[in-house]
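*Asks:* I'd like to ask you about the structure that follows.
The values are calculated or read from the model by the stated rules, or taken from the named source; none is laboratory data. The shown structure was predicted, so the numbers you read here are calculated from the model rather than taken from an experiment. Every residue, glycine among them, receives a Cβ derived from its backbone with ideal geometry; neighbour counts consider all protein chains shown.
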Amino acid sequence: MLTWIFVVVMPLGVAAITLGVIAFRTGWMLPPSRRGVRQPRLYGVGVALAGVGLVTMGLTYLVLSADTRASRPWLALIGNGVELVGIALIGASHLRPRRGRSAHPVA
């Protein structure tokens, strides 16, 4: 049961943190993400936060034993909250219009 955390969740979280830092620092993103993103730095912060949330939830599940997991659900909630904030920032990076472009084409 714990092996899927090592195989799926933790590497995805680390990859998301890495890609988020790269997007924040350089503006480079994976090709499927480039078209819709209007603000790459905000996108990078969002992806990095989503990755931190995944790693936090994975570590919470792995580090805590079965006895203390029930008494400390706030650790998992913090991971969920950080991940949701990251997803909201990713969505916000798609909504902001580009600088220097008008909303209406010239007729």
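*Asks:* Within region 1-23, count every residue that is at pLDDT 90 or above and surrounded by fewer than 18 Cβ atoms within 10 Å (Cβ to Cβ).
*Replies:* 6
*Asks:* For a quick check of your reading of the model, give me the residue pairs whose first member lies in region 26-43 and is within 10 Å of residue 90 (Cβ to Cβ), whose second is modelled with pLDDT of 85 or more and part of a loop (DSSP other than H, G, I, E, B), with beta-carbon atoms closer than 6 Å and at least 6 apart or on different chains.
*Replies:* 43/37
*Asks:* Now, a different point. Got at least one residue in region 51-64 being of a type outside the set (A, V, I, L, M), at pLDDT 80 or above and within 11 Å of the chain's Cα centre (by Cα)?
*Replies:* Yes.
*Asks:* Something else about it: Got at least one residue in region 94-107 being modelled with pLDDT of 85 or more and either in contact with a helix residue (DSSP H, G or I) (Cβ under 9 Å, 6 or more places away or on another chain) or among the aliphatic types (A, V, I, L, M) (or both)?
*Replies:* There is at least one residue in region 94-107 that is modelled with pLDDT of 85 or more and either in contact with a helix residue (DSSP H, G or I) (Cβ under 9 Å, 6 or more places away or on another chain) or among the aliphatic types (A, V, I, L, M) (or both).
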